[in-house]
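A short worksheet on the structure shown next.
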Amino acid sequence: KNEKPDIDKYVQEDSEMANADEGWGKVNDADIDQVVNYKSTITVGVGATNYVMHDTMEAGLTFNNDVVVKLADGTVVDASNYTVIVSPADGHTFDVKFNNDFIAGLAQGTQFTVYYSATLNEKANIVTDGNDNTVYLSYGEDSTWETSEHKTTTYTWKIDVLKFTMDGENKVSLAGATFQLLDKDGNAIKFSAVEGAAVPTYKVDAEGTITDITTDANGKFEIVGLDEGTYKLHEVSAPEGYNKLAADLDVVITSEYDEANLTATYKINNADPATIEVENKTGSLLPETGGIGTTIFYIVGIVMMLGAAILLISKKRMASFA
């Protein structure tokens with residue numbers, strides 16, 4: 001029985017690499033500028049020749065031209081057994097053409113895997129539209145036969161921020177509040193501005209020059225291109241006359257995947273995504289704990305206590321002489 005060749009495709013979720021399946025699935029999420037790992041596993045059929053793997057990435061993915069082929073036991077296949085063609089005439093992102101002698105030396109049902117990666121770039125679709133990577137295998141005389149396509153999807157997320165103060169029962173937007181978004185290690189994430197956005201929008205950019213983001217006249221800004229993970233929203237400065245936040249705000253992004261439908265959803269702080277509202281208040285700001293202001297209060301208090309003690313002792317001595 002001559003079985004047809006076949007191919008399947010997977011993407012790796014980096015937060016699950018320690019799992020038994022090493023995080024390989026059909027859906028993942030990532031930061032802009034993050035490297036995304038892929039693998040396409042080919043099953044050998046009988047008598048077929050001219051195997052060509054065709055891979056197409058959407059505009060939000062940049063192929064890293066780093067193809068490695070391995071047999072099922074992990075043995076790396078010598079690169080002389082295949083040719084990688086980047087931007088081929090067929091319009092795909094890249095093709096991998098396998099030598100017939102290499103395929104002929106593999107038994108029916110044998111599997112081998114093509115590993116490669118892409119970088120999620122500044123053109124990435126945000127939130128609802130994922131970033132697809134599609135593969136199929138052609139084979140036979142002149143590679144005229146084709147398997148069905150197999151696809152993976154990579155998502156990236158965003159947060160919306162609103163700065164406001166209360167005027168009675170009404171929220172009043174505050175312009176001029178400046179924030180940084182910190183990663184899990186406390187480092188300020190770098191951004192570049194998105195031109196022409198209705199709301200000031202900043203995308204993750206490892207080469208960006210922006211770390212401080214300031215609210216507009218409506219008290220708003222957006223950050224796009226985030227992976228799931230734990231972040232902190234740090235207020236660098238408040239508008240004049242308002243108190244800066246005493247502590248950073250936790251921003252925890254979690255995601256869930258529907259592998260069958262290649263979709264994903266995310267939550268912020270365990271709730272459906274909504275604008276992160278940050279309130280500023282007017283009034284006197286007490287000195288920070290451990291700061292010089294606290295020390296001054298301690299010194300004044302001690303002086304007052306010593307003065308009271310001296311006064312009490314003096315009164316007792318005067319009474320004894322009376």
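The values are calculated or read from the model by the stated rules, or taken from the named source; none is laboratory data. This structure is a prediction, so every number in the text was calculated from the model and none was measured. Cβ placement follows ideal geometry from the backbone for every residue including glycine, while neighbour counts extend to all protein chains displayed. Ligands, DNA and RNA are excluded from the accessible area calculation, which covers all protein heavy atoms including side chains. Shrake-Rupley method; radii C 1.70, N 1.55, O 1.52, S 1.80 Å.
Quick notes
- Neighbour count of at most 14 Cβ within 10 Å plus DSSP loop: longest GluC sites (Glu not before Pro)-free window in the chain: 23-148
- If you run the Gaussian network model on the chain, springs between alpha carbon atoms under 10 Å, then out of 148, 138, 40 the most flexible one is 148.
- Between segment 72-87 and segment 185-213, the Cα center-to-center distance that results, in Å: 38 Å
- Within the chain, the longest run free of trypsin sites (Lys or Arg not before Pro) that sit in a DSSP loop with at most 10 other Cβ atoms within 10 Å is 2-183.
- For segment 17-74, the solvent-accessible area with a 1.4 angstrom probe is 41 square angstrom per residue.
- For the options 90, 160, 55, a Gaussian network treatment of the chain with springs between C-alpha atoms closer than 10 Å singles out 90 as fluctuating the most.
- Fluctuation leader among 101, 227, 212 - the chain, Gaussian network, Cα springs under 10 angstrom: 101
- Summarising the amide proton neighbourhood of residue 26: residues at separation of 5 or more, or on other chains, whose placed amide H is nearer than 5 Å comprise 11.
- 14 Å cut-off, amide nitrogen to a point 7 angstrom out along residue 254 Cα→Cβ, residues in segment 200-228: 228
- Difference of contour (0.36 nm per residue) and Cα-Cα distance, residue 22 to residue 123: 33.6 nm
- Extent along the principal axes, Cα only, for segment 143-283: 74, 32, 31 Å, with the longest axis given first.
- Computed label-point distance, nm, for sites residue 71 and residue 277 using a 7 Å Cα→Cβ extension: 6.4 nm
- Kirkwood analysis of the Cα pair distances in segment 2-125 returns a hydrodynamic radius of 15.5 Å.
- Pairs of Cα atoms farther than 34 Å apart, the chain, %: 46 percent
- Treating each Cα of segment 53-128 as an identical point scatterer and summing with the Debye formula, the log10 of I(q)/I(0) at q = 0.14, 0.16, 0.27 Å⁻¹ comes to -0.54, -0.67, -1.31.
- Bridge type composition, the chain - antiparallel percent by DSSP, nearest 5: 90 percent
- Between the Cα long axis of helix 292-321 and the first principal axis of the chain there is an angle of about 20°, rounded to the nearest 10.
- Cα→Cβ-extended label distance, 7 Å offset, between residue 106 and residue 236, nm: 5.2 nm
- Values of log10 I(q)/I(0), in the order q = 0.21 Å⁻¹, for segment 50-198 under a Debye, Cα-only, solvent-free model: -1.39
- Of 39/203; 123/158; 70/151; 26/232, pairs whose Cα-Cα distance is over 24 Å: 39/203; 26/232
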